[in-house]
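Participant: Pasting a structure below so you can have a look.
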Amino acid sequence: MPVVISDETLQEAGLSEQEARVEFACHLFDQDRLTLWKAAELAGLTRPEFEEELSRRKIPLYRPTAEDVVDDLAALKRLGL
């Protein structure tokens, strides 16, 4: 289902259609609602371009969970590090 945002609304927000797509995609990615690939697709950007946009906005690409940290520490211990 397409979402339609009027030109008037975009103009009031000071955004082009492309800028609005990037805003929406970044927000959904930041809220863990879209994967990196899907958000980049929504934004109309390549994955590297989208990663760069996230970096400019200080939105982290990776958000390790506590379980990830525990797994990493266990792997380091097994390696003797």
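Participant: Any residue at all in the range 31-44 that is of a type outside the set (D, E, K, R), outside any helix (DSSP H, G or I), within 9 Å of the chain's Cα centre (by Cα) and surrounded by 13 or more Cβ atoms within 10 Å (Cβ to Cβ)?
Facilitator: yes
Participant: For PRO60, only one of the following conditions fails: (1) part of a helix (DSSP H, G or I); (2) modelled with pLDDT of 95 or more; (3) surrounded by fewer than 13 Cβ atoms within 10 Å (Cβ to Cβ). What is its number?
Facilitator: Tallying (1) part of a helix (DSSP H, G or I); (2) modelled with pLDDT of 95 or more; (3) surrounded by fewer than 13 Cβ atoms within 10 Å (Cβ to Cβ), PRO60 fails exactly one: (1).
Participant: Then there's this: Output the number of residues of the range 47-57 satisfying the condition of being part of a loop (DSSP other than H, G, I, E, B) and exposed (fewer than 11 other Cβ atoms within 10 Å of the Cβ). Give the steps one after another, and end with the answer.
Facilitator: If we filter the range 47-57 for residues that are part of a loop (DSSP other than H, G, I, E, B), which is where we start, we get 57.
With the extra rule that they be exposed (fewer than 11 other Cβ atoms within 10 Å of the Cβ), the set shrinks to none.
Selection size over the range 47-57: 0.
The values are calculated or read from the model by the stated rules, or taken from the named source; none is laboratory data. If you're wondering where the values come from, they're calculated on a predicted model, not measured in any experiment. Virtual Cβ from ideal backbone geometry, glycine too; neighbours counted across all protein chains shown.
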